[in-house]
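All remarks here apply to the structure that follows.
The values are calculated or read from the model by the stated rules, or taken from the named source; none is laboratory data. None of these values were measured; they are calculated from a predicted model. Positions of Cβ are generated from backbone atoms using ideal geometry, with glycine treated the same way; all protein chains shown enter the neighbour counts. These accessible areas exclude ligands, DNA and RNA; they are computed on the full protein's heavy atoms, side chains included. Shrake-Rupley method; radii C 1.70, N 1.55, O 1.52, S 1.80 Å.
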Amino acid sequence: MAEAAGVFIRELELGDGKVLEIRQLSSGDVGCVVWDAAIVLSKYLERRERAEPGALRGRAVLELGCGTAIVGIAAAALGANVTVTDLEELQDLMNANIDHNAHLITGSCQAKVLKWGEEIAGSFLSPNYILMADCIYYEESLKPLLKSLKDLAGSDTCILCCYEERTTGKNPEIEKKFFELLKVDFEYEEVPIEKHDEEYRSEDIHILQIYGKNKSFH
């Protein structure tokens, strides 16, 4: 079936040979396209599940700033019960991608509006995992993002944050500021690149495993 004007497809083959088909928009904000960090995190989740079977299956997963929702859908294809969140204007794109890939989902996936920094409804609280891919780019969004992470994360919540290290403009300064803010309430460690997917990895794309302070790493 022909796609609507301004819509183009990004495909991602999963480990079982099935293919996610993610719709992107040719115009719009940064959330309208699939970024490389989202691909790297999606494939890392697969590798993590292979290493620890059942790590995601049946778990409550929340994705922040999901954009096209590719990471959340990949987690749902691994059996997780996922809520993908972003701004109101991206809900149609998120829902379209969930619907088009519903046949691959073995857990569940739903889209909801969540604006960083605002009060959090109870249904969002304390998931097993919070996923973030390339959410560190606007300086003005750092404090709202960290407030939401603090509000959402329970004592056992594992936050997986994947970001592309960028060296131009204000990017290094923004990344430095993010880590300064993160250290106030959280502890983190970087996932070694050899634990990333063998094919979908890059020296400038990092995955962090983040927990609230006083929580040991798994």
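Restricting to the stretch 68-95, give me the number of residues that are under 21 Å from SER123 (Cβ atoms), open to solvent by less than 20 Å² (accessible area, probe 1.4 Å) and part of a loop (DSSP other than H, G, I, E, B).
Qualifying residue count for the region: 3.
Conditions: (1) out of contact with any helix residue (DSSP H, G or I) (no Cβ under 6 Å at 6 or more places or on another chain); (2) closer than 17 Å to CYS161 by Cβ; (3) surrounded by 17 or more Cβ atoms within 10 Å (Cβ to Cβ). ASP36 meets all but one. Number of the miss?
(3)
Could you run through the stretch 96-121 and say how many residues are open to solvent by less than 60 Å² (accessible area, probe 1.4 Å) and of a type outside the set (Val, Ile, Thr)?
Matching residues across the stretch 96-121 total 13.
Do any residues in the stretch 86-102 that are in contact (Cβ under 8 Å) with a residue 60 or more places away in the chain and farther than 12 Å from VAL113 by Cβ have Cβ atoms under 8 Å from those of residues that are among the aliphatic types (A, V, I, L, M) and assigned to a helix (DSSP H, G or I), where the two are at least six apart or on different chains, and which pairs are they?
Every condition considered, the pairs that remain are ASN97/ILE70; ASN97/ILE73; ASN101/ILE73; ASN101/ALA77.
Is it true that some residue in the stretch 134-151 is over 23 Å from HIS206 (Cβ atoms), buried (at least 18 other Cβ atoms within 10 Å of the Cβ) and either more than 14 Å from the chain's Cα centre (by Cα) or not basic (Lys, Arg) (or both)?
No: the stretch 134-151 contains no residue that is over 23 Å from HIS206 (Cβ atoms), buried (at least 18 other Cβ atoms within 10 Å of the Cβ) and either more than 14 Å from the chain's Cα centre (by Cα) or not basic (Lys, Arg) (or both).
Scan the stretch 130-156 and report the pairs whose first residue is in a loop (DSSP other than H, G, I, E, B) and whose second residue is of a type in the set (Ser, Thr, Tyr), with Cβ atoms within less than 7 Å and a gap of 6+ or a chain change.
Listed pairs, sorted by first residue: ASP134/TYR163; ILE136/TYR163; GLY154/SER126.
With the structure loaded, tell me whether CYS158 is at pLDDT 95 or above and within 22 Å of ALA38 (Cα to Cα) or whether it fails that test.
For CYS158, the condition - at pLDDT 95 or above and within 22 Å of ALA38 (Cα to Cα) - is met.
Six or more apart or on different chains, Cβ under 9 Å: which pairs go from a residue in the stretch 171-200 that's under 16 Å from ARG48 (Cα atoms) and of a type in the set (Ser, Thr, Tyr) to one that's open to solvent by less than 50 Å² (accessible area, probe 1.4 Å) and assigned to a helix (DSSP H, G or I)? Could you list them?
TYR200/ILE39; TYR200/VAL40; TYR200/SER42; TYR200/LYS43; TYR200/TYR44
Please go through the stretch 125-147 and pick out each residue that is modelled with pLDDT of 95 or more and of a type in the set (Gly, Ala, Ser).
Hit for the stretch 125-147 is ALA133, nothing else.
Given (1) in a loop (DSSP other than H, G, I, E, B); (2) aliphatic (A, V, I, L, M); (3) closer than 14 Å to ALA69 by Cβ, where does ILE120 come up short, assuming only one miss?
Of (1) in a loop (DSSP other than H, G, I, E, B); (2) aliphatic (A, V, I, L, M); (3) closer than 14 Å to ALA69 by Cβ, only one is false for ILE120: (3).
Here is a check on your reading of the model: is ALA55 open to solvent by less than 40 Å² (accessible area, probe 1.4 Å), over 17 Å from VAL82 (Cα atoms) and touching an Asp or Glu at 6+ places or on another chain (Cβ under 7 Å)?
For ALA55, the condition - open to solvent by less than 40 Å² (accessible area, probe 1.4 Å), over 17 Å from VAL82 (Cα atoms) and touching an Asp or Glu at 6+ places or on another chain (Cβ under 7 Å) - is not met.
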